[in-house]
1. Between Q64 and R304, what length in nm is gained on full extension when 0.36 nm per residue of separation is reduced by their alpha carbon distance?
2. Let's test the formula: R0 of 56 Å, r as the Cβ-Cβ distance of L218 and N115. What FRET efficiency results, to the nearest 0.05?
3. Taking the highest mean first, how do the peptides 21-32, 120-131 order by number of other beta carbon atoms within 10 angstrom per residue?
4. Once R0 is set to 22 Å, what does the formula 1/(1 + (r/R0)^6) return for the Cβ-Cβ distance between I44 and A84, expressed as a FRET efficiency to the nearest 0.05?
5. May I ask you to derive the relative contact order of the chain, considering only C-alpha pairs under 8 Å and at least 6 residues apart, and to give it as an integer percent?
6. When the Kirkwood radius is taken over all Cα pairs of the range 134-268, what Stokes-Einstein diffusion coefficient follows at 25 °C and 0.890 mPa s, in µm²/s?
7. What list of ³J(HN,Hα) couplings, whole Hz, do you get for the range 306-311 from phi and the Karplus terms 6.51, -1.76, 1.60, once you set θ to phi - 60° and write x for glycine and proline?
8. Kirkwood hydrodynamic radius of the chain from all distinct Cα pairs, in Å?
Amino acid sequence: MIGIAAVWIGVLLLGGGFALDRVLTASVVENFDQQLEYVLNAMIAASEIGPDGEVRFNRPPADQRFLEPYSGVYFQVSGAGADAFPSRSLWDRRLRVDSHNDVQLHRYDSMEFANEPIRVVERDVILPGSGVRWRFQVAQSRELIDRQISELRNTLFWSFGALGLGLLVIAALQAFYGLWPLRRVRSEVIAIRTGRQQRISEDFPSEVHPLVHEINELLAHGEAQAEEARRHAGNLAHALKTPLTVITNAATAQSLDLANTVCREATTMRRQVDHHLARARAIGRRSSVHARARVWESLEAVERAVTRLYPEVTVDIAGDRDVEARVERQDLDEMLGNLIENAAKYGGGRVFVTVEPAKTDKVEIVVEDDGPGIPADQRDAIFDRGARLDTTGKPGTGLGLAIVRDVSEIYGGAVRLEESEDLGGLLIRLSLPTADASDRAAQ
């Protein structure tokens with residue numbers, strides 16, 4: 001930032017200084033020329049033709065420097081076939097007369113005198129009573145305007161140099177103090193990493209406060225994720241501890257039904273591992289801000305799989321075909337698969353799935369069957385891990401609804417059990433956040 005500021009300050013000051021030098025130099029030269037032009041016009045006004053046909057002045061020049069040899073101020077009147085009429089200040093020198101017509105005022109610089117550059121203003125005039133074209137010339141040494149221009153440029157150089165240095169110092173201070181809050185953020189992040197503090201303090205300027213807030217939110221999110229992972233690992237360890245103890249005790253006692261005990265407890269451990277793996281996968285994918293899945297496409301895929309497993313079951317799908325849920329497609333397939341498979345397994349042969357249009361920020365998927373249903377006082381217990389109300393011996397782990405509940409809650413959804421008015425069996429209402437609502441929240 002400081003380097004870019006220095007480059008631009010230098011470029012702008014150089015450009016501005018050059019333009020100002022041109023303007024002021026032209027103004028000094030213009031003022032100098034106007035003074036010479038005034039003297040030239042006074043000379044022409046005071047000129048007349050004498051008896052011998054030569055030019056003379058009816059009043060002497062007002063500037064006494066015309067009478068001092070080599071004074072730096074000169075005039076000369078020249079005409080074709082006539083002797084030049086020079087000022088005394090020229091002494092033994094003469095101004096050069098070029099062969100061109102200067103009916104209009106002509107200004108130019110000349111180096112015709114050694115070591116004395118001069119500024120010349122000249123004009124051709126035909127005086128009354130004479131047919132000769134007379135050239136009036138007034139010249140003055142450039143020493144005065146050259147000194148003025150030199151002083152002007154010296155003043156511009158030091159002024160613009162001081163201005164540029166001051167601007168650079170201000171830019172450096174602005175960058176240093178403007179970025180100071182970010183250095184504080186860095187130091188506090190280091191303090192958090194080394195364990196000296198838990199959060200970044202909130203006493204920051206309003207421009208930096210959103211960054212600090214987001215970092216603190218990220219830290220809180222990370223802590224929540226870590227705590228959730230620890231709790232998840234603790235739950236899994238606790239769930240596996242009892243079956244492992246049973247197996248160990250049976251093996252130590254050399255029980256005759258050791259094989260049956262191992263198979264039974266291994267099945268229990270497998271259910272727990274499947275449940276926790278499903279939950280862990282959902283937690284890991286939840287952080288994706290781009291997670292979205294088309295509900296209808298997932299339902300069609302699940303319907304094809306279920307009808308192959310249960311060809312005698314009819315699965316009907318209706319509702320909104322375009323709605324998208326803010327979940328990963330794999331997790332949505334797993335939730336819908338568990339719900340529809342349970343409905344096909346324990347129902348009477350008909351399953352009806354409805355995707356209700358998203359009226360708020362949630363989409364609701366309703367799964368109904370024509371089975372015996374679940375009594376209202378047992379609907380909460382069915383969500384417990386391993387809980388099964390079925391006594392027919394159909395294969396299953398008793399984890400389907402528990403997985404659906406846990407995964408839906410991870411994404412901010414919910415699942416409820418009701419009674420189907422149309423089919424008479426169980427109605428399961430799964431609500432999930434829509435992808436459009438998450439996009440609006442992110443904006």
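1. On the way: separation 240, 0.36 × 240 = 86.40 nm, distance 11.80 nm.
Gain on extension, Q64 to R304, equals 74.6 nm.
2. 0.10
3. Going from most to least packed, we get 120-131, 21-32.
4. 0.85
5. On the way: 585 pairs, mean separation 42.2, N = 443.
Relative contact order here is 10 percent.
6. 104
7. Rounded to whole hertz, the list is 5, 5, 6, 6, 10, x.
8. On the way: mean 1/r = 0.0307 Å⁻¹.
Result for the chain stands at 32.5 Å.
The numbers here are math on the coordinates, done by the rules we state, and not lab data. None of the values given here were measured: they were computed from a predicted structure. Here the Cβ is made from the backbone with ideal geometry for all residues, glycine too, and neighbour counts use every protein chain on show.
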